[in-house]
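The values are calculated or read from the model by the stated rules, or taken from the named source; none is laboratory data. The structure presented is a predicted model; accordingly, all values stated were derived computationally and were not measured. Here the Cβ positions follow ideal geometry from the backbone for every residue, glycine too, while neighbour counts run over all protein chains shown.
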Amino acid sequence: PSFNPILMHVLGFLEAFLIASATTVTALYVVLKLTEHTQGCNCFERAQKVFLSFFTVYFTLLVSNIPVGWIFSVDANGRYIPGPLANLEYYLITLQTLMVVYCAIINRKTVSKSARLASWQSLFTAIVCIALRHTFPDTGFLAAALSMLLAVFFLNFQSHRIGVNTLTMLNDKRRFFVELEERIKLKNKFNVFLCRIENYDVINSLYGHSVGDEVLYLFAFGLEKLFPEGVAFHIHSTTFAIVVPDNNKEE
């Protein structure tokens, strides 16, 4: 079928731009999640520079694509014709995936099993999609590859929100024990403080649950302010914990 050439140019540009943008943002987010428990690591800063540099190059090629046709071209009948650099977006995804895997490997002591699994799954997905692209050059697998990658990242990383209390926005008991395990694994010295609000039922009975919820929120906010260098957790109904690094040096 024939299509409007201008419309095909616009649609082709938007598709390539949105795919590159989505994969770049997703990869940066995953690297950030991989390094959130790692201190003194500049992996995220490196990833930012690498991703943004390659995205800038890709965007420049995309903008100058219409007169040159490096990535794609459209004939007089509006038919899409892949250019010599049509596979560049696949390699962009592979580069981002390799960077994610690299960050997962060098930070393996503090990266959860689910995060490491997601990294290797994403690498395998990218390799399979590139192989399919070269085997069947006339068939588009990029949309499927992007969907699979985003699904893997969503299931493995957005699930971290399950470990956050929706009222106080503090980490819950599950993440509390994960934090302890990671610090013990790294042989970090730290202190744990447990505290709870006594007679909380009286507040709910006298002033209602909305006021009681506000008290919990303000208490949690106060804990984070009181220990800015620590990590606060809401581990039970009215029980909270603070994990604070021990900065005392042995002589």
Would you tally the residues in the range 50-75 being in a strand (DSSP E or B) and among the β-branched types (Val, Ile, Thr)? 1
Does LYS225 count as at pLDDT below 90, assigned to a helix (DSSP H, G or I), basic (Lys, Arg) and over 23 Å from the mean Cα position of the chain (by Cα)? yes
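Results for (1) surrounded by 13 or more Cβ atoms within 10 Å (Cβ to Cβ); (2) over 19 Å from GLU181 (Cβ atoms), shown as yes or no for each residue.
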site	(1), (2)
VAL211	no, yes
PHE219	yes, yes
LEU223	yes, yes
GLU229	no, yes
HIS234	yes, no
SER237	no, yes
PRO245	yes, no
Please indicate, with yes or no, whether at least one residue in the range 196-210 is of a type in the set (A, V, I, L, M), modelled with pLDDT of 90 or more, under 26 Å from LEU32 (Cα atoms) and in a helix (DSSP H, G or I). no
